[in-house]
Amino acid sequence: MKKVLAFIDVVDGQPGEIGYELLDFARQAAPEAELVAVGAGPQAALEGLAGADRALWTVADGYRPDLVGEVLTAAIVAEQPDLVLVGSTAVGMDAGTYAAAKSGYASIAYVRSLEPLDGSLAAQSVILGGKMVARVAVPDRTVLQVLAGAGSAERGRVPGRPAQVGTLAEPAAKASFEGFGRPEAQDVDITRHDVLVSVGRGIGDASNIELAEELAEALGGVVSSSRPVVDAGWLPKARQVGKSGNKVKPKVYLALGISGAPEHLEGMRDAACIIAVNTDPAAPIFEVAHYGVVDDVLDFIPALTESLRVRQG
Amino acid sequence: MRIAVVMKLVPDVVEELVLSEDGKRLERGDIALKANEFDEQALEQALLLKESSGAELTVIAAETGDVDEMLYTALAKGADRALKLVGDGLQDGIWNAQYAGILVDVIADVGADAVLTGVQANDDLDGQLATWLAAGLGWSFATVVSGVEAAGESLIAKKEFAGGLTANLRLPLPAVLGIQASPEPPRYAPISRVRQIMKTQSLEEREVTAPAGSITVLSLRPPEKTGGAEMIEGDVQAKAARIAEVLAQQGI
Ligand SMILES: Cc1cc2nc3c(=O)[nH]c(=O)nc-3n(C[C@H](O)[C@H](O)[C@H](O)COP(=O)(O)OP(=O)(O)OC[C@H]3O[C@@H](n4cnc5c(N)ncnc54)[C@H](O)[C@@H]3O)c2cc1C
């Protein structure tokens with residue numbers, strides 16, 4: 001392996017953690033390869049990327065999906081790397097597969113690790129809601145969409161800019177950017193609570209949220225949730241945990257009727273104590289949980305609330 | 001505006017996932033398939049656009065399993081046309097690059113100027129369909145979209161990032177959108193209505209040939225146990241009592 005490109009997410013002028021993770025991931029997978037960071041954003045976003053040998057940068061503001069896709073395509077065409085890494089993020093989803101398709105590279109998504117395979121590489125991809133891992137041969141000239149957490153941001157972030165920074169002209173984009181929307185002030189900040197009673201689609205119905213509220217009250221915590229519960233309108237967006245919601249790190253995280261999809265795990269896997277309740281003994285949430293209960297949440301939640309009340313007298 | 005909604009069947013991961021003899025794929029005949037939930041969101045978003053701006057809506061699905069019910073349900077919800085893509089090899093499932101390869105011509109024939117599909121599916125190992133399609137068609141695009149409005153010759157799409165940050169994007173038509181969530185939860189089509197549609201409307205069919213796929217799966221297996229959880233046994237009261245004890249140990 002001679003050359004690896006790592007695509008650096010930049011949103012609202014800020015580089016995301018994933019960029020540093022990819023730099024680390026690249027160094028672990030191909031220590032001998034030249035490592036080139038690619039991205040679009042302000043020059044300031046190059047700070048911390050000194051772990052890359054070089055950077056190819058487009059100075060751009062705002063955010064346009066086809067712009068990031070075209071920047072990555074142009075970098076691939078110019079550099080002809082053996083491997084391209086993008087994050088499994090909202091930016092990576094715009095850039096990765098699009099650039100692969102445009103430049104004739106192969107595309108493999110949801111990659112959590114790489115392993116050697118007869119002088120080449122195999123990727124391990126987490127699919128089917130976390131229930132299966134596919135080992136996939138990585139052909140020469142492939143774009144990998146890498147899951148958050150696959151590399152270490154701490155190791156990947158190196159103060160300073162890459163020794164060499166080349167510029168990529170801003171490509172033409174069809175989309176135009178009309179501004180960012182910021183989350184509204186939140187009634188409850190779930191990132192600040194020690195105990196989260198988190199409900200997933202397994203809670204069944206909006207009317208059952210009340211059971212979780214009662215449990216949260218008995219525990220001195222608050223109710224949070226997976227994304228489908230928010231999309232269904234059962235809880236406000238501020239309560240969502242995961243990739244497109246909040247990253248939380250409570251002392252105790254109760255996952256009630258949550259399957260444990262990678263996008264959810266991304267937001268809560270660092271909780272000190274994870275207790276999962278699910279009717280499906282094969283639910284991936286049990287892989288990250290410390291304690292597991294196979295049961296119907298509609299039976300279990302009232303039983304636990306009752307147990308706590310008895311203990312508390 | 002003419003909207004095409006592209007849907008696909010995916011393995012229902014709540015049901016048992018049966019592996020093929022060679023351990024490289026799921027045994028499609030022995031697993032349950034269902035509509036990709038994000039495609040359902042895309043359909044709902046398209047129905048809302050139809051209601052607000054009078055778009056014509058065609059729902060498209062390749063016959064990678066029994067797609068009839070999914071397509072009739074879309075008609076029952078308000079789609080104008082339903083197109084089933086049939087052909088050899090589809091029943092074994094296809095990768096998104098192959099699906100996109102098929103769809104480029106189909107979408108041109110439908111005359112669509114906007115394509116909505118789910119942001120991802122649980123089996124898209126070779127990357128997401130929306131971007132395969134956008135690259136193939138050469139159209140403007142956005143993924144992870146949770147709200148779309150018609151604005152003359154453009155669509156205004158709300159794209160989501162982490163932590164509740166969003167971007168408002170103006171996408172000139174024609175455009176491809178990978179939908180994460182519709183502003184409203186997917187509507188429900190009563191079975192009686194779906195049955196009635198089955199009697200009065202029919203699915204259009206089109207023969208297609210899938211290009212070769214480019215992914216080589218070496219093996220497929222459940223994740224290896226990494227220690228995992230201490231599983232609590234007993235009746236529900238006993239389990240609840242044990243968890244209450246665990247919580248007390250955590251100082252809660
Ligand atoms: C770009 C992107 C961003 C995303 N961001 C997020 C995010 O921020 N947060 C997030 O959560 N998801 C996110 N998702 C969605 C994610 O992929 C999953 O779809 C979602 O996490 C599933 O939520 P769930 O576990 O509640 O539902 P499901 O996966 O449907 O799981 C429901 C679970 O409940 C169990 N169950 C059912 N009935 C009962 C019962 N009576 N008692 C006990 N258990 C029961 C089932 O066995 C199942 O395991 C994102 C997806 C994309 C594409």
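Taken together, the values in this text are just the output of simple stated rules run on the coordinates, not laboratory data. Nothing here was measured: the structure is a model prediction, and the numbers come from that model. Neighbour counts run over all protein chains shown; Cβ positions are idealised from the backbone, glycine included.
How about region B:173-251: which trypsin sites (Lys or Arg not before Pro) there are in a DSSP loop, with at most 12 other Cβ atoms within 10 Å of their Cβ?
Values: sites: B:Arg187, B:Arg193, B:Arg195, B:Lys199, B:Arg206, B:Lys225, B:Lys239, B:Arg242; in loops: B:Arg187, B:Lys225.
When the trypsin sites (Lys or Arg not before Pro) of region B:173-251 are filtered for loop state and at most 12 Cβ neighbours within 10 Å, B:Lys225 remain.
Considering the protein assembly as shown at the alpha-carbon level, its Rg and Dmax are found to be 23.4, 71 Å. Take each residue of peptide A:302-311, count the partner chain Cβ atoms within 10 Å of its Cβ, and average: the result is 5. The peptide list A:260-268, B:76-84, put in order of mean Cβ contacts within 10 Å with the highest first, becomes A:260-268, B:76-84.
Once you sort the root eigenvalues of the Cα gyration tensor of region A:54-192 as a ≥ b ≥ c, which label holds: rounded (a/c under 1.5), prolate (a/b larger than b/c) or oblate (the other case)?
On the way: a/c = 1.58, a/b = 1.12, b/c = 1.42.
Oblate shape, in that a/c is at least 1.5 and b/c is the bigger or equal ratio.
Relative to the Cα centre, the charge distribution of chain B, modelled as +1 at Lys and Arg Cβ and -1 at Asp and Glu Cβ, gives a dipole magnitude of about 660 debye.
Note on B:132-139: average number of Cβ atoms from other chains within 10 Å of each residue's Cβ is 4.
What average count of beta carbons from other chains do you get within 10 Å of the Cβ of residues in A:85-96? Could you put the intermediate results ahead of the total?
Numbers: counts 0, 1, 0, 1, 3, 13, 5, 1, 12, 10, 2, 4.
Across A:85-96, the average partner-chain Cβ count within 10 Å equals 4.
Neighbours of A:Gly202, meaning other residues whose beta-carbon lies under 13 angstrom from its beta-carbon, give a summed charge of -4 when Lys and Arg score +1 and Asp and Glu score -1. Result for chain A in a Gaussian network model with C-alpha springs under 10 Å: among A:Val71, A:Val158, A:Val84, the largest mean-square fluctuation is at A:Val158.
Across all C-alpha atoms in chain A, the radius of gyration and Dmax reach 21.5, 71 Å.
Quick one: dipole size for region B:77-171, taken about the Cα centre, charges +1 on Lys/Arg Cβ and -1 on Asp/Glu Cβ, in debye to the nearest 20. Charge dipole of region B:77-171: 360 debye, to the nearest 20.
For chain B, modelled as a Gaussian network with Cα springs under 10 Å, which listed residue fluctuates most, B:Val144, B:Val115, B:Val217? Looking only at B:Val144, B:Val115, B:Val217, the largest GNM fluctuation is found for B:Val217. The lysines whose alpha-carbon is closer than 18 Å to the alpha-carbon of B:Lys199, local same-chain residues fewer than 8 away aside, are B:Lys77, B:Lys84.
Would you mind classifying region A:122-161 by shape? Square roots of the alpha carbon gyration tensor eigenvalues, ordered a ≥ b ≥ c; an a/c under 1.5 is rounded, otherwise it is prolate if a/b is larger than b/c and oblate if not. Please list the in-between numbers first.
On the way: a/c = 3.62, a/b = 1.64, b/c = 2.20.
Taking the square roots of the gyration eigenvalues as a ≥ b ≥ c, region A:122-161 is oblate.
Are any of the pairs A:Lys249/B:Lys24; A:Lys243/B:Lys8; A:Lys249/B:Lys225; A:Lys3/A:Lys174; A:Lys102/A:Lys237 more than 26 Å apart by Cα-Cα distance, and if so, which? Mind dumping the intermediate values first?
On the way: A:Lys249/B:Lys24 36 Å; A:Lys243/B:Lys8 24 Å; A:Lys249/B:Lys225 23 Å; A:Lys3/A:Lys174 30 Å; A:Lys102/A:Lys237 35 Å.
A:Lys249/B:Lys24; A:Lys3/A:Lys174; A:Lys102/A:Lys237, as the Cα separations exceed 26 Å there.
Roughly how big is region A:1-106's charge dipole about its Cα centre, with Cβ charges of +1 (Lys, Arg) and -1 (Asp, Glu), in debye to the nearest 20?
Details: 6 positive and 15 negative charges, 57 e Å.
Taking the Cα centre of region A:1-106 as origin, the dipole is about 280 debye.
Build a GNM of chain B with springs between Cα atoms under 10 Å apart, and of B:Pro11, B:Pro211, B:Pro190 the one that fluctuates most is B:Pro190. Think of the protein assembly as shown as a dipole: +1 on every Lys or Arg Cβ, -1 on every Asp or Glu Cβ, centred on the Cα centre; then among B:Ser202, A:Thr142, B:Ala181, A:Thr142 lies furthest on the positive end. How would chain B be classified by its alpha-carbon gyration tensor: rounded, prolate or oblate, with rounded meaning a/c under 1.5 and the a/b versus b/c comparison settling the rest? In terms of gyration-tensor shape, prolate.
Suppose we keep just the DSSP beta bridges with both residues in region B:2-207; what percent of those would be antiparallel, to 5?
Values: 16 of 44 bridges.
Counting DSSP beta bridges with both partners in region B:2-207, the antiparallel share is about 35 percent.
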